[in-house]
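Colleague: The structure under discussion is supplied below as structure tokens; questions concerning it will follow.
Read-outs throughout are calculated quantities, based only on the coordinates presented, and are distinct from any laboratory measurement. Since the model is a prediction, treat every value here as computed from it, not as a measurement. For neighbour counting, all protein chains shown are included, and Cβ atoms are generated from backbone atoms with ideal geometry for every residue, glycine included.
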Amino acid sequence: MYVTDFDYDLPEELIAQHPCAQRDGSRLMVLDCRTRQIESDQFKRVIDYFHKGDVLVINDTRVIPARLLGHKESGGKIEVFLVRKLPEAGECWLCLTRSSKSPRPGTRLVLADRLKATVVEGGGDGYRHVRFDVEGDFLSLLDEIGRLPLPPYIDREPMRDDRERYQTTFSARPGAVAAPTAGLHFTPEILDQLRSKGVQICPLTLHVGLGTFLPVRVEKVEEHRMHAEAYDIPVTTAEAVNTAKREGRRVIALGTTVTRTLEYAVNDQGLLQSGGGLTDMFIYPGYRFKIVEALLTNFHLPQSTLLMLVSALAGRDFVLEAYRRAVAERYRFFSYGDCMLIHTSVEGA
């Protein structure tokens with residue numbers, strides 16, 4: 001299976017540079033895997049596609065202002081991009097650095113004139129282990145001095161509104177460097193309407209890393225390796241999912257991040273395990289899903305691992321047909337773009 005099998009033509013003007021005026025104002029493309037039907041709708045009517053007893057699993061991660069600008073104590077500008085907190089004591093993070101000369105272990109950094117740090121260990125591809133010298137709450141300091149990381153295909157600097165719009169309304173646990181973008185469409189009102197309909201909404205956490213944006217640099221899909229991301233599944237979520245599966249009720253993933261977490265944490269008996277760790281799971285066509293039966297997701301980049309995951313659930317040809325239709329109908333693409341629901345018809349829906 002080749003990476004080029006997941007290519008499609010996308011006019012640049014369809015890449016959304018700003019969010020909709022209203023969170024729930026996006027369009028919704030609905031793919032029915034059983035009937036092979038594709039429908040266009042409005043996201044505000046997403047409730048119509050849920051059934052009483054469904055379990056919707058959401059990702060409650062929160063994007064941190066991960067970009068820090070500063071200089072080396074010895075001179076020379078540097079940008080530090082936080083990727084993932086490391087298990088070492090203190091504020092030690094895996095970071096990407098960008099400077100004229102790569103910093104060696106022991107290099108002292110001054111960031112935003114208020115935060116000092118030390119490069120502890122080097123790594124490949126520009127990654128460094130960096131320990132930050134901070135008194136008090138590090139994440140609160142980041143909120144003051146850090147810059148929000150927008151995806152590379154958004155060709156502008158972050159604006160004040162992005163601080164709110166590039167977060168889900170249910171974000172609660174800081175640690176991601178990219179938003180779980182399918183969740184950006186949901187308002188508290190829509191979530192309340194789903195609960196009133198009898199839909200159970202359960203959180204998990206997957207701190208989205210830079211790997212979601214990195215291009216696949218191999219020719220054959222099977223040779224690609226994902227970057228590890230930290231996750232945590234509450235006991236109550238695992239219990240709700242396992243009960244739903246046992247009773248024949250649907251488990252719907254809000255986004256590819258939720259999908260990968262659920263599918264990674266299932267055991268050989270098909271039961272979702274609570275707890276946390278790191279996952280580098282790569283889902284592509286040929287994978288047999290054990291938990292997820294329906295998926296809400298945005299439109300993804302050509303030849304991306306996210307498009308491969310969606311193709312694994314709905315079939316590559318069906319997905320690419322939907323993408324061609326989305327282009328023809330001028331849907332908006334990527335993080336701030338429109339939404340897609342992939343599901344299987346259920347009697348009485």
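Colleague: Relative to the present Cα-Cα distance, how much length would full extension add between D48 and E247 at 0.36 nm per residue of separation? Each step should come with its number before you reach the end.
Modeller: Values: separation 199, 0.36 × 199 = 71.64 nm, distance 2.18 nm.
Contour length minus the Cα-Cα distance gives 69.5 nm.
Colleague: So between H224 and L271, what do we pick up on full extension, going 0.36 nm a residue minus the alpha carbon distance?
Modeller: So the chain would gain 14.2 nm between H224 and L271.
Colleague: Express the Stokes-Einstein translational diffusion coefficient of region 293-346 in µm² s⁻¹, to the nearest whole number, given a Kirkwood radius over alpha-carbon pairs, 37 °C and a viscosity of 0.692 mPa s. Write down the numbers at each step before the final one.
Modeller: Working: Rh = 11.4 Å.
The diffusion coefficient I find is 288 µm²/s.
Colleague: Over the chain, what is the percentage of antiparallel beta bridges among all DSSP beta bridges, to the nearest 5?
Modeller: Bridges in the chain are about 70 percent antiparallel.
Colleague: Can you compute the radius of gyration and Dmax for region 67-145, using only the Cα atoms, both in Å?
Modeller: Using the Cα atoms of region 67-145, the pair Rg, Dmax is 11.3, 32 Å.
Colleague: Place +1 on the Cβ of every Lys and Arg and -1 on the Cβ of every Asp and Glu in the chain, take the dipole about the Cα centre, and give the residue among A117, L278, L191 whose Cα lies farthest towards its positive end.
Modeller: A117
Colleague: With the cut-off at 1.5 for a/c, could you classify region 159-249 from its C-alpha gyration tensor as rounded, prolate or oblate?
Modeller: Oblate.
Colleague: Report, in whole Å, the centroid distance computed from the Cα atoms of region 163-183 and region 18-91.
Modeller: Value for the Cα centre distance between the two parts: 6 Å.
Colleague: Compute the label zone of E73 within region 134-154: residues whose backbone N is under 19 Å from the point 7 Å along Cα-to-Cβ.
Modeller: Within reach of a label on E73, which here means backbone N under 19 Å from a point 7 Å along Cα→Cβ, region 134-154 contributes 134-135.
Colleague: Sticking with this one: Highest mean first, what order results for 217-225, 139-147 on Cβ atoms within 10 Å?
Modeller: 139-147, 217-225
Colleague: Could you give the alpha-carbon Rg of the chain over 2.2 N^0.38 Å, rounded to two decimals?
Modeller: 1.01
Colleague: List the residue ranges in the chain for DSSP H helices whose C-alpha atoms run 15 angstrom or more along the long axis and whose Kyte-Doolittle average is -0.5 or above. Before the final figure, lay out each step's value.
Modeller: Values: long enough: 235-246 (16 Å, -0.31); 316-328 (18 Å, -0.11).
Helices meeting the criterion: 235-246, 316-328.
Colleague: Which GluC sites (Glu not before Pro) does region 235-320 hold that lie in a coil by DSSP with at most 15 other beta carbons within 10 Å?
Modeller: Those that pass, being in a loop and sparsely packed, are E247.
Colleague: With a cut-off of at most 14 other beta carbons within 10 Å, and DSSP calling the residue loop, which trypsin sites (Lys or Arg not before Pro) in region 85-118 qualify? Please list them.
Modeller: Values: sites: K85, R98, K101, R108, R114, K116; in loops: K101, R114.
Within region 85-118, the qualifying trypsin sites (Lys or Arg not before Pro) (loop, at most 14 other Cβ atoms within 10 Å) are K101, R114.
Colleague: Where in region 146-172 does the label zone of E189 land, with the point 7 angstrom along Cα→C-beta and an amide N cut-off under 17 Å?
Modeller: Once the point is set 7 Å along Cα→Cβ of E189, 169-170 turn out to lie under 17 Å by backbone N, inside region 146-172.
Colleague: Continuing with the same structure: Hey, can you rank 12-19, 60-67, 34-41 by average C-beta count inside 10 Å, highest first?
Modeller: 60-67, 12-19, 34-41
Colleague: Which one of F213, L82, G70 is farthest out on the positive end of the charge dipole of the chain, using unit charges on Cβ (Lys, Arg +1; Asp, Glu -1) and the Cα centre as origin?
Modeller: It is G70.
Colleague: Take the Cβ-Cβ distance between L139 and V235 as r, set R0 to 35 Å, and report the resulting FRET efficiency rounded to the nearest 0.05. Working shown, then result.
Modeller: Values: r = 25 Å, r/R0 = 0.71.
Efficiency for this residue pair is about 0.90.
Colleague: Provide S100, S304 in ascending order of the number of other Cβ atoms located within 10 Å of each residue's Cβ, fewest first.
Modeller: Exposure proxy ranking, most exposed first: S100, S304.
Colleague: About its Cα centre, what dipole magnitude does the chain give when the only charges are +1 on Lys and Arg Cβ and -1 on Asp and Glu Cβ, stated in debye to the nearest 20?
Modeller: Result for the chain is approximately 300 debye, rounded to the nearest 20.
Colleague: With only Lys, Arg, Asp and Glu charged, each at its Cβ (+1 for the first two, -1 for the last two), find how big the charge dipole of region 7-127 is about the Cα centre; round to the nearest 20 debye.
Modeller: Roughly 600 debye for region 7-127.
Colleague: Mean residue ellipticity at 222 nm from the helices of the chain, using -39,500 (n - 2.57) per DSSP H segment of n ≥ 4 over the full residue count, to the nearest 500 deg cm²/dmol?
Modeller: -5500 deg cm²/dmol
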